[in-house]
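Taking it in order: structure first as structure tokens, then the write-up.
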Amino acid sequence: MFRLEEDQEAARLIPVAGTFPLQPQTVQAVQSLEQVEPFSLVNYQGNGAVVPVPQWQAILTAVDPVAIFCQAGEVSESLARKDEQVLVVVDRSQTSWNDGSYFLFSQGETLEIQWCETEPEREILAKVVLVLRPKKIFDANNLREPWQMDD
């Protein structure tokens, strides 16, 4: 018998809007998920996908999160590996500008993620709350061999 001791050990399921390029209505049409405690049960109706994300503070405080897949360079030009696919979690409930955050904007028929030095004149669709790179395991086969875990 096991008991989860920390919130981070359990994942929060985030609905996925898709992969860039996306249309603004695609992100707006994603259904919100409601988790039922004590086991974070999610009843999900309709088509779509979900992705598990650790319950870090940014994820716990997100009211209406949606996940988007894109290349790191589409988030920021300053990221070292611009061609690496990343998972971006945005919170559709946070649409107020501040100069310390990146936001999701409509750019014609597509979406873009951008930081703005001053308050933008265009509508903010969501605030970026997390950019997650894929896990990088040096040798995944070692994880499957219990006798090698102690090295």
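Does Val51 satisfy the condition of being open to solvent by less than 30 Å² (accessible area, probe 1.4 Å), within 24 Å of Pro134 (Cα to Cα) and out of contact with any His (no Cβ under 7 Å at 6 or more places or on another chain)?
Working: open to solvent by less than 30 Å² (accessible area, probe 1.4 Å): yes; within 24 Å of Pro134 (Cα to Cα): yes; out of contact with any His (no Cβ under 7 Å at 6 or more places or on another chain): yes.
So Val51 fits the description; yes.
Test Val50 against the stated conditions and say whether it is within 13 Å of the chain's Cα centre (by Cα) and over 16 Å from Val16 (Cβ atoms). Give the steps one after another, and end with the answer.
Details: within 13 Å of the chain's Cα centre (by Cα): yes; over 16 Å from Val16 (Cβ atoms): no.
When the stated conditions are applied, Val50 does not pass them.
Taken together, the residues in segment 70-80 that are free of Cβ contacts under 8 Å to residues at least 24 places away in the same chain and in a loop (DSSP other than H, G, I, E, B) amount to 4.
Please verify whether segment 86-98 includes one or more residues that are acidic (Asp, Glu) and not in a strand (DSSP E or B). Break it down stepwise before answering.
From segment 86-98, those acidic (Asp, Glu) are 91; that's our starting set.
Those left that are additionally not in a strand (DSSP E or B): none.
The answer is no; no qualifying residue exists.
Please verify whether Val75 is open to solvent by less than 30 Å² (accessible area, probe 1.4 Å) and touching a strand residue (DSSP E or B) at 6+ places or on another chain (Cβ under 8 Å), treating the condition exactly as stated. Yes, satisfied.
Selection within segment 99-121: residues that are open to solvent by less than 20 Å² (accessible area, probe 1.4 Å) and in a strand (DSSP E or B). The member of this set that is nearest to Pro24 (Cα to Cα) is Leu111.
In segment 28-40 there is at least one residue matching the filter, namely being more than 30 Å from Phe2 (Cβ to Cβ) and either open to solvent by less than 60 Å² (accessible area, probe 1.4 Å) or among the β-branched types (Val, Ile, Thr) (or both). Taking every residue in segment 14-42 that is closer than 16 Å to Val63 by Cα and part of a strand (DSSP E or B) and pairing it with any residue that is modelled with pLDDT of 95 or more and of a type outside the set (A, V, I, L, M, F, W, C), at least 6 positions away or on another chain, the pairs with Cβ-Cβ distances below 6 Å are Ile14/Pro65. Figure legend. Inter-residue proximity from segment 51-69: first residues in a strand (DSSP E or B), second residues of a type in the set (D, E, K, R) and open to solvent by 40 Å² or more (accessible area, probe 1.4 Å), beta-carbon distance below 9 Å, spacing 6+ or different chains. Indicated pairs: Pro54/Asp7; Pro54/Glu9.
The values are calculated or read from the model by the stated rules, or taken from the named source; none is laboratory data. Small disclaimer: the values here were computed from a predicted structure and weren't measured. Methodologically, a virtual Cβ is constructed for each residue, glycine included, from the backbone with ideal geometry; neighbour enumeration extends over all protein chains shown. Keep in mind that these areas ignore ligands, DNA and RNA; they rest on the heavy atoms of the full protein, side chains included. Shrake-Rupley method; radii C 1.70, N 1.55, O 1.52, S 1.80 Å.
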